[in-house]
1. What do you reckon, is Glu55 acidic (Asp, Glu), touching a residue at least 60 places away in the same chain (Cβ under 8 Å) and in contact with an Asp or Glu (Cβ under 8 Å, 6 or more places away or on another chain)?
2. Within the stretch 69-123, count every residue that is aliphatic (A, V, I, L, M) and under 15 Å from Gln27 (Cβ atoms).
3. Hey, any hits in the stretch 103-122 for a residue that's surrounded by 15 or more Cβ atoms within 10 Å (Cβ to Cβ) and part of a loop (DSSP other than H, G, I, E, B)?
4. Exactly one of (1) open to solvent by 90 Å² or more (accessible area, probe 1.4 Å); (2) not in a loop (DSSP other than H, G, I, E, B) is unmet by Phe138. Its number?
5. May I ask you to list pairs of residues, at least six apart or on different chains, whose Cβ atoms are under 6 Å apart, with the first in the stretch 114-126 being at pLDDT below 80 and the second being open to solvent by less than 100 Å² (accessible area, probe 1.4 Å) and outside any helix (DSSP H, G or I)?
6. Taking the residues in the stretch 17-35 that are within 21 Å of Ala84 (Cα to Cα) and hydrophobic (A, V, I, L, M, F, W, C) as candidates, determine which candidate is least open to solvent (accessible area, probe 1.4 Å).
7. Of all residues in the stretch 123-135, which are open to solvent by 50 Å² or more (accessible area, probe 1.4 Å), in a loop (DSSP other than H, G, I, E, B) and not acidic (Asp, Glu)?
Amino acid sequence: ISDHSEEVITRMETLLMRQPGNILIEQLTAFVSLTASYYELAEKVNTQLKIEKVEEFVHQYTDTFYQLDTLYRRAIEKYYSLKAKGLSIIDTLTLAKQKLDIDYHELTGVMNMEWTNTIQNEGRGWNFETSITRQTKFYDEYVKNISTRLMVIVSDALRYEVAREMLGEMFKRSKQKHEIHISNMIGML
């Protein structure tokens with residue numbers, strides 16, 4: 001899957017078209033396709049990790065890199081759904097899942113090191129200059145002078161990719177009546 005991700009995605013689409021309405025095939029192809037999509041994106045991200053500026057790193061993460069987390073999470077969800085069914089091919093799927101786990105954790109470790117290097121390259125440690133709002137300035141910049149009703153969701157360690165998904169769901173459920181925004185900040189730690 002990792003070596004031929006584009007071909008794998010195409011083969012899964014073909015398999016899915018040959019088995020319309022087969023829920024098991026839908027789940028199986030979803031796991032394999034999500035895993036292949038992860039590897040396809042990971043290959044691109046690996047070539048883009050040397051970033052000099054903090055703002056560019058944040059921009060890259062919030063535009064593209066976070067999708068790795070989404071693909072990984074969704075693939076794992078599909079895997080556990082398939083595992084519960086006691087399929088005869090679960091050993092093969094488990095090997096694919098274990099490789100995905102290892103590769104995902106390795107890449108996120110590399111991304112973390114590159115983020116740290118970017119911070120160090122900016123100089124002055126975590127006191128680098130940025131136009132991105134810092135967590136300590138959140139109230140002053142987003143809440144203090146608002147005269148309309150405002151709802152703020154504050155969560156400790158909510159992953160960005162989950163927040164993006166949640167944002168979309170909130171927008172759908174509001175029947176598109178409300179303005180809903182997401183932005184990034186530089187945390188205190």
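1. Working: acidic (Asp, Glu): yes; touching a residue at least 60 places away in the same chain (Cβ under 8 Å): yes; in contact with an Asp or Glu (Cβ under 8 Å, 6 or more places away or on another chain): no.
No; evaluated as a whole, the condition is false for this residue.
2. From the stretch 69-123, those aliphatic (A, V, I, L, M) are 71, 75-76, 82, 84, 87, 89-90, 93, 95-96, 100, 102, 107, 110-111, 113, 119; that's our starting set.
Filter once more, keeping what is under 15 Å from Gln27 (Cβ atoms): 75-76, 82, 84, 87, 89-90, 93, 96.
Residues that pass the stated criteria total 9.
3. No, every residue in the stretch 103-122 fails to be surrounded by 15 or more Cβ atoms within 10 Å (Cβ to Cβ) and part of a loop (DSSP other than H, G, I, E, B).
4. Of (1) open to solvent by 90 Å² or more (accessible area, probe 1.4 Å); (2) not in a loop (DSSP other than H, G, I, E, B), only one is false for Phe138: (1).
5. The qualifying pairs are Glu122/Phe128.
6. First pass over the stretch 17-35, keeping only residues within 21 Å of Ala84 (Cα to Cα): 21-35.
Subset that is hydrophobic (A, V, I, L, M, F, W, C): 23-25, 28, 30-32, 34.
Values: Ile23: 102, Leu24: 69, Ile25: 30, Leu28: 33, Ala30: 25, Phe31: 1, Val32: 20, Leu34: 33 Å².
Among them, the one singled out is Phe31.
7. Across the stretch 123-135, the qualifying residues are Arg124, Ser131.
The values are calculated or read from the model by the stated rules, or taken from the named source; none is laboratory data. In this text the structure is predicted, and so the values were computed from the model without any measurement. So basically every Cβ, Gly included, is an ideal-geometry build from the backbone, and we count neighbours across all protein chains shown. Just so you know, the surface numbers come from the protein's heavy atoms only, side chains and all, with ligands and any DNA or RNA stripped out. Shrake-Rupley method; radii C 1.70, N 1.55, O 1.52, S 1.80 Å.
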